Protein chains: 2
Amino acid sequence: MLTEFELIGRYFSRPSPSAVLGVGDDCALLRPTPGMMLAVTTDMLLEGTHFLAGADPRKLGHKALAVNLSDVAAMGADPRWALLSLALPAADESWLEGFSNGLYALAYRYGVDLVGGDTTRGPLAISITLIGEVPVDLALRRDGARDGDDIWLSGATGEAALAVAHHAGRVALGGALLESCTARLDLPEPRVDLGGRLRGIARSAIDVSDGLPRAAAVAACPDPALAEQCMYGGGDDYELVFTASPHRRDDIAGISAELGIALTRIGVIVPGEARAVLRDRQGNPVSVARAGFDHFR
Amino acid sequence: MLTEFELIGRYFSRPSPSAVLGVGDDCALLRPTPGMMLAVTTDMLLEGTHFLAGADPRKLGHKALAVNLSDVAAMGADPRWALLSLALPAADESWLEGFSNGLYALAYRYGVDLVGGDTTRGPLAISITLIGEVPVDLALRRDGARDGDDIWLSGATGEAALAVAHHAGRVALGGALLESCTARLDLPEPRVDLGGRLRGIARSAIDVSDGLPRAAAVAACPDPALAEQCMYGGGDDYELVFTASPHRRDDIAGISAELGIALTRIGVIVPGEARAVLRDRQGNPVSVARAGFDHFR
């Protein structure tokens, strides 16, 4: 059986070139870039709440970082450094190898260094804190929208929730459909590049777990009512909703083409509306049964 | 029953004046101080592993932050910002009130702002990430000691472990003794002020969970063998071990007097010794049965 130090040394001590001091001391030491603000976020994934027992550890490593990357992207920030708190029932080497490979593979893609953490014995729980950087005054806050701004959504929503519905026996999805939905649930692609490109163009942004335009897979779902529910409020989508002046439509079309990400105009900021009103293609208000996931409802 | 947003709004949204943007967006936004490095650390406390079911939530709030403050202090850094990931079996308001009061009370004492977090439903788990700042090149790293440096320990060790032994029925402590040991276990005082004052004086430092000079309570323990074990390798002490040149002894005596913290010279860095050799008052090597806690042994 591995000791705690062997576990850290073997699975969580890869080089962290962007840190002054990485894993191994009481703290990591980081040198922030002059002229930048820090954008920091933390998310915890628990067995039984966010994923099922026996979930593929490589996918868990990916997803635990992806959900944090999505938050940093939604601020228009570039991700830099991550810290991991990990509770494990036992020091299972095959699990650790899969998990750390999944985590580091995604981290490397975006230049993120794992600089610290904590490992302990307990029911499987994964908590990651991610630190990004964004130039002062260019962060995409959720309160930056102005009247008349277009509202945009990246990609499309509902597939992850459909996969959950399939696993729960609420719908039976076919082969390719199931595969695409499951990939969106297990290996979400955070919109990191998009977040960075929207700096100076978008005026506000958030990461959505509740979305609007439906993914192709959702359109093909055999249960239309369920598909609609998944699309509007299913969760686990990790797309960005952002607003921008109508003068920016060409810029945004260019970013969409450059990154190969669908960006869809789904609404407009209306003076005097205190909350979002969702309308269907005919302009009629849509009532959404489930308005996003609440862990305590 | 509280919703997740009500829970955050009611218990974890106090003002965070040192943040550009605190709780409520995808990320917090922080402006690092020019000329400073970041010292970042994370620690997770789990019910059943780090504390017993039914533990006082106010003490848990204190301790969850204290263990992180101790790590930041051990780098000689000033704590600035904290993020909290919290898994709860239910949104229990009386628990939340106690926990948040304990957490914020300690945070205020050291000027730390809680700027973000995540709440979810699950077995009770508390993960805090703490970000501190330390002037470039003044961080107290564990690899900074030089031959001939004195080795110092703050306070004294063993009391927290004695409280654990008492609760486990391995020893029966009397009233005042039990009270003092229990306070050290439940409400540890991180050496934040000391860490800051040692910048430029100490050459290396670590936070210890295994300590050396015995606390008064440990000396009074009815079971001397157990007391010795607790003192050398019991854990949960949150004292600092640091090294400094012998020329600094007067400075260190001054800091001890100023802060009212016992600082004891417990050894010296010897050329050629690859590991610490612990000697008793007669200078004979001491063999320590248990060399600190390992979560996977």
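The values are calculated or read from the model by the stated rules, or taken from the named source; none is laboratory data. Note that the structure is predicted; figures quoted are calculated from it, not measured. Glycine gets a Cβ as well: all are built from the backbone with ideal geometry, and neighbour counts include every protein chain shown. Heavy atoms of the whole protein, side chains included, go into the accessibility calculation; ligands, DNA and RNA do not. Shrake-Rupley method; radii C 1.70, N 1.55, O 1.52, S 1.80 Å.
From the square roots a ≥ b ≥ c of the eigenvalues of the alpha-carbon gyration tensor of the range B:142-199, which class results: rounded (a/c under 1.5), prolate (a/b over b/c), or oblate? Prolate. Taking amide H as placed 1.01 Å from N in the peptide plane, the amide H of B:D149 sits under 5 Å from that of B:I269, each at least 5 places away or on another chain. Could you tell me how many degrees, from 0 to 90 and to the nearest 10, lie between the Cα long axis of helix A:93-109 and the main elongation axis, the longest principal axis, of the Cα atoms of chain A? The angle comes out at about 50 degrees.
How many partner chain Cβ atoms sit within 10 Å of a residue's Cβ in peptide B:14-26, on average, as a whole number? Don't skip to the end; give the middle numbers.
Numbers: counts 0, 0, 0, 0, 0, 3, 7, 7, 0, 0, 3, 14, 20.
Rounded to a whole number, the mean comes out at 4.
Rolling a 1.4 Å probe over the protein heavy atoms gives the protein assembly as shown an accessible area of 42 Å² per residue.
Using only side-chain charges placed at the Cβ, +1 for Lys and Arg and -1 for Asp and Glu, the dipole size of chain B relative to its Cα centre rounds to 580 debye.
Remark on the range A:37-75: accessible area falls by at least 30 square angstrom from chain-alone to full-complex state for A:M37, A:L38, A:V40, A:T42, A:M44, A:L46, A:M75, probe 1.4 angstrom.
Interface of A with B. Using a 1.4 Å probe and counting protein heavy atoms only, the two chains hide about 5400 Å² of accessible surface, both sides summed. Remark: the range B:28-39, residue by residue, has Karplus-estimated 3J(HN,Hα) of 7, 10, 10, 9, x, 6, x, x, 10, 9, 8, 10 Hz, where x stands for each Gly or Pro and the curve is 6.51 cos²θ - 1.76 cosθ + 1.60 at θ = phi - 60°. Entry note, chain B: relative contact order of 21 percent, from Cα contacts under 8 Å with a spacing of 6+ residues. Rounded to the nearest angstrom and listed largest first, the equivalent-ellipsoid semi-axes of the protein assembly as shown from its Cα gyration tensor are 47, 25, 21. A Förster radius of 35 Å, combined with the Cβ-Cβ distance separating A:V268 from A:Y108, puts the computed FRET efficiency at roughly 0.35.
Could you order peptides B:20-28, A:44-52, A:6-14, A:246-254 by the average number of other Cβ atoms within 10 Å of their residues, highest first? Can you show the working numbers first?
Working: B:20-28: 22.3, A:44-52: 18.3, A:6-14: 16.8, A:246-254: 13.2.
The packing order, highest mean first, is B:20-28, A:44-52, A:6-14, A:246-254.
Measuring nothing but protein heavy atoms, the accessible surface of chain B at 1.4 Å probe radius is 51 percent carbon and sulfur.
How high is the relative contact order of the range A:129-186, in percent, with contacts defined as C-alpha pairs under 8 Å that are six or more residues apart? Walk me through the numbers before you get to the answer.
Numbers: 23 pairs, mean separation 18.7, N = 58.
Dividing the mean separation by the residue count of the range A:129-186 yields 32 percent.
Based on the alpha-carbon gyration tensor of the range B:20-61 and its eigenvalue square roots a ≥ b ≥ c, which shape applies: rounded if a/c is under 1.5, prolate if not and a/b is larger than b/c, or oblate? Note, shape of the range B:20-61 comes out prolate. Compared with the direct C-alpha span, the chain from B:E258 to B:N101 gains 53.6 nm at full extension, assuming 0.36 nm per residue. With a ≥ b ≥ c taken as the square roots of the eigenvalues of the C-alpha gyration tensor of the range B:63-132, please select rounded if a/c is under 1.5 and otherwise prolate if a/b is larger than b/c or oblate if it is not? In terms of gyration-tensor shape, prolate.
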